Amino acid sequence: METLALQHYLAVGAILFGIGLIGFMCRRNLIVMFLCTELMFQGVAINLVAFGHFWGNFSGQAFTIFVLVIAAAEASLALGLVVLLFRQKNTLDADAWRELKG
Amino acid sequence: MRLFLQLTTDSMTVILAQTSTELTTAVLFYLFASMSAAAAVWMVLSRNIVRTAVALLFTLLGVAGLYFLLDAEFLAAVQLVVYAGGTLILIIFGVMLTSKSPYSKFEPKLVEVIVAVSVAAVLFVALLMAINNSMPTFGTDAQPAGARYPVDLLGQALLGDYLVPFELSSVLLLVVMIGAAYLAKGRKHEAPPALTTSELSRQAKRWS
């Protein structure tokens, strides 16, 4: 078996990001769309950690910690908003909120 | 499942024997990578939102394993604590708060029960083997031999080169906390319309 290189990790990150993107664009449920953004975060975080590992410094890990902070903040705010939206219309369908366009 | 069992026991014996760390790393990499990718596909395809959240949990576990392979142990632990322990619980709460009829679709399928039991059994056997084969020696505070990237260097990087973003992220968390509290308080005049008694009785009948 060949030695693991940077490309292997980048491929996993790309797979996760792609699947998350597909889910984000194809699903209409607000919570599922939000979960798919988390999946895309994971793909990017794998890229950062892998680059940091093969580069030999800690920038990738530090950036990933910031990504984690942003993701946690986003999760709390987005879920609060989703629950508020659900209380108004009793649905989680993203199409029900077209008038947010203004 | 038999293949998975075989793979797990193989990797365990390889770990215990310490014969070829490179092969072990490769096997573990493909295990974690396929686990996270398969769980991601399951997550996008699943129709039940609770199953979607559980699939995200498996993806997060696989990514944490990849972090371990990349010598980012602290990050893997943080991933498990913050994501699997915090964010995912938050998501489950969101699912519960927004689901119209709780408990209706949460019953596990037979396949899921079988998979859960076998995963737990494999984990238990692996733990037993690890305990039997490698008891640690207590009382020595020597550093483990393979520690190439100790976590204090990451702490120095966070509080040295990245001090400003670090402090900014703490300010961000404070702002988000205030914002989430404001959202959760809600406005009184926009309270959801009260359920009529017929609706209430219908729901009670459905949940009982």
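Go through the range A:29-73 and count every residue that is of a type in the set (Phe, Trp, Tyr) and more than 8 Å from chain B (Cβ to nearest Cβ).
Just the residues of the range A:29-73 that are of a type in the set (Phe, Trp, Tyr), to begin with: A:34, A:41, A:51, A:54-55, A:58, A:63, A:66.
If we keep only those that are more than 8 Å from chain B (Cβ to nearest Cβ) as well, we get A:41, A:51, A:54-55, A:63.
Here the count works out to 5.
Screening the range A:44-102 for residues that are part of a helix (DSSP H, G or I) and of a type in the set (Asp, Glu) and picking the one that is farthest from residue B:87 (Cα to Cα) gives A:99. Within the bounds of the range B:104-120, is there any residue that is in contact with a Phe, Trp or Tyr (Cβ under 9 Å, 6 or more places away or on another chain) and under 26 Å from residue A:28 (Cα atoms)? The answer is yes, given that some residue of the range B:104-120 is in contact with a Phe, Trp or Tyr (Cβ under 9 Å, 6 or more places away or on another chain) and under 26 Å from residue A:28 (Cα atoms). Quick check: is even one residue across the range A:80-90 surrounded by 22 or more Cβ atoms within 10 Å (Cβ to Cβ), at the interface with chain B (Cβ under 7 Å from one of its Cβ atoms) and touching a helix residue (DSSP H, G or I) at 6+ places or on another chain (Cβ under 8 Å)? No: zero hits. Restricting the range A:24-36 to residues that are over 11 Å from the mean Cα position of the chain (by Cα) and in contact (Cβ under 8 Å) with a residue 12 or more places away in the chain leaves a set whose member that is nearest to residue B:57 (Cα to Cα) is A:31.
For the range B:127-140, state whether one or more residues are surrounded by 10 or more Cβ atoms within 10 Å (Cβ to Cβ), at pLDDT below 85, outside any helix (DSSP H, G or I) and outside the structural domain of residue B:77 (by TED's automatic domain parsing). Within the range B:127-140, one or more residues are surrounded by 10 or more Cβ atoms within 10 Å (Cβ to Cβ), at pLDDT below 85, outside any helix (DSSP H, G or I) and outside the structural domain of residue B:77 (by TED's automatic domain parsing).
Do we have residue A:14 as part of a helix (DSSP H, G or I) and either farther than 22 Å from residue B:37 by Cβ or in contact with a helix residue (DSSP H, G or I) (Cβ under 6 Å, 6 or more places away or on another chain) (or both) here? Quick ask: steps written out before the conclusion?
On the way: part of a helix (DSSP H, G or I): yes; either farther than 22 Å from residue B:37 by Cβ or in contact with a helix residue (DSSP H, G or I) (Cβ under 6 Å, 6 or more places away or on another chain) (or both): no.
Considered against the rule, which asks whether it is part of a helix (DSSP H, G or I) and either farther than 22 Å from residue B:37 by Cβ or in contact with a helix residue (DSSP H, G or I) (Cβ under 6 Å, 6 or more places away or on another chain) (or both), residue A:14 comes out as no.
Could you please let me know if residue B:166 is modelled with pLDDT under 80, under 28 Å from residue A:80 (Cα atoms) and surrounded by 12 or more Cβ atoms within 10 Å (Cβ to Cβ)? Against the criterion (modelled with pLDDT under 80, under 28 Å from residue A:80 (Cα atoms) and surrounded by 12 or more Cβ atoms within 10 Å (Cβ to Cβ)), residue B:166 does not qualify.
The values are calculated or read from the model by the stated rules, or taken from the named source; none is laboratory data. Given the structure is predicted, the values throughout are model-derived calculations rather than measurements. Note that each Cβ is placed from the backbone with ideal geometry, even for glycine, and that neighbours are counted across all protein chains shown.
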